[in-house]
Amino acid sequence: MSGPGVSVVICVYTEDRWDDILAAVVSVRAQSRPVLETLLVVDHNPALLDRLGGEYQETGGVRVLANAGPRGLSAGRNTGIAAARGEIIAFLDDDAVAERDWLLRLAGHYADPRVMAVGGRTEPVWASGRRPVWFPREFDWVVGCTYTGQPRGIARVRNVLGGNASFRRTAFDAAGGFATGIGRDGDKRPLGCEETELCIRLARALPDAVLLLDDRAVIHHRVPGQRERFAYFRTRAYAEGLSKALVSRSVGAAKGLESERRYATRVLPAGVARGLRDAVLARPGGAGRAGAIVAGVVTAAGGYVVGSVRARREGTTFEAERIGTGRVEGGGRG
């Protein structure tokens, strides 16, 4: 294998996704560019830890670890980073499968020493078999997927999206790990944005760092039926507003909302216009898509206001975990 070694971290938390987890691992092992190792980090679920440990105890290249930090995705990722042996560390969602050249596309960019992070394109796989007619592509981030408004091809970006992303190990040496307190932590509210905060912090620590999006690095992300409903759409949009308020509190509103301003002033109005045009032309879902965009903006803005007030009142601060050069040894299986 030529080039830097790549470790893939998959954070898992529930046995309800058992088949998805196994499929994710299979897709990593089938990569055209061989992976150095796959790390399954289990988030405070002893039964799942034992079951995965038994599944992979005789399988080379797969290690099962317990989250060594507090409950949540950020701490799980930090556990994987500390345990990983690769020079490049990639992250894959536990309910996604990667296309065969996923790692090849991501890893190829690290020949440039300035590149510190590379993300890819995430396509939705709808449980119902097709996209709901009212669901606007501008809001595919609601279900963890690439959305209209992101750059196409290969482009520099402010941040990568955590479910389909990779980082050079030295990025964590410079900026620390994912901040706990931002993102999903086992609570029912679907928070996010921990990767946004990390990438902004990375750019500050290393001003010459290059962060890229390569839309040829593709994964397919399963969207369960519950997330195809408008109730989830609204809940996730509100949670995104809360999350953006936390990010702005951590890194400042100028950087925390830099990309969102263009998205809100250019991409979303164009989406509303397309939806209304489709409605006039009697195309299915046009009015619904336009209405969903407006509802999503209003709901996210409300979450941002509430989150900002709470953060100021509670004096919320975040500290990124320092990722040492040592490796996590405890809790390993497989």
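Charges only on Cβ, +1 for Lys and Arg, -1 for Asp and Glu: so what's the dipole of segment 6-313 about the Cα centre, in debye to the nearest 20?
Values: 44 positive and 33 negative charges, 268 e Å.
Roughly 1280 debye for segment 6-313.
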- In Å³ and rounded to a whole number, note down the convex hull volume per residue for the Cα atoms of segment 1-119. 97 Å³
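As a check on your grasp of the helix formula, calculate [θ] at 222 nm for the chain: sum -39500 (n - 2.57) over DSSP H runs of n ≥ 4, divide by the residue count, round to the nearest 500.
Numbers: 11 runs with 133 residues, N = 334.
Helices in the chain give a 222 nm mean residue ellipticity of -12500 deg cm²/dmol.
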- What spacing in nm lies between the two simple spin-label points modelled at residue 44 and residue 100, each 7 Å away from Cα in the Cβ direction? 4.1 nm
- Item | Crossing angle, helix 18-29 versus the chain [Cα axis fit, 0-90 degrees, rounded to tens] | 70 degrees
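Of all alpha-carbon pairs in segment 91-212, indicate the percentage at a distance above 25 angstrom.
Details: 1963 of 7381 pairs.
Above the 25 Å cut-off, segment 91-212 has 27 percent of its Cα pairs.
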- For the chain, what size does the Cα cloud have along each of its three principal axes, sorted from largest down, in whole Å? 59, 43, 40
- Task: Evaluate the relative contact order of the chain (contact order divided by residue number), counting alpha-carbon pairs under 8 angstrom at least 6 apart; express in whole percent.
- Result: 23 percent
- Item | Fewest-first sequence of 102, 18 by Cβ atoms within 10 Å of each Cβ | 18, 102
- Taking R0 as 35 Å, what's the FRET efficiency between residue 283 and residue 111 from their Cβ-Cβ distance, rounded to 0.05? 0.20
- Taking the Cβ of each residue in 28, 218 as the centre, tally the other Cβ atoms inside 10 Å and list the residues starting with the fewest. 218, 28
- Task: Report, to the nearest 10°, how far helix 286-314 tilts away from the longest principal axis of the Cα atoms in the chain, using its own Cα long axis and a range of 0 to 90°.
- Result: 60 degrees
- Note on the structure: For residue 94, other-chain or 5+-apart residues with amide H closer than 5 Å (H placed, Pro excluded) are 11
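Work out, step by step, the length gained on full extension between residue 313 and residue 131: first 0.36 nm times the residue separation, then minus their alpha carbon distance; give nm to one decimal.
61.5 nm
Go through segment 1-110 and name the GluC sites (Glu not before Pro) that are in a DSSP coil and have 16 or fewer other Cβ atoms within 10 Å of their Cβ. Before the final figure, lay out the partial values.
Numbers: sites: 15, 37, 55, 58, 87, 99; in loops: 58, 87, 99.
Hits after loop and neighbour filter: 58, 87.
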- Using +1 at the Cβ of each Lys and Arg and -1 at the Cβ of each Asp and Glu in the chain, identify which of 66, 21, 54 lies farthest towards the dipole's positive end. 21
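Considering only DSSP beta bridges whose two residues both sit in the chain, what percent are antiparallel, to the nearest 5? Before the final figure, lay out the partial values.
Working: 16 of 42 bridges.
Antiparallel bridges: around 40 percent, rounded to the nearest 5.
Coordinate-derived values only; no laboratory data. If you're wondering where the values come from, they're calculated on a predicted model, not measured in any experiment. No Cβ is skipped: glycine too gets one built from the backbone with ideal geometry, and neighbour counts run over all protein chains shown.
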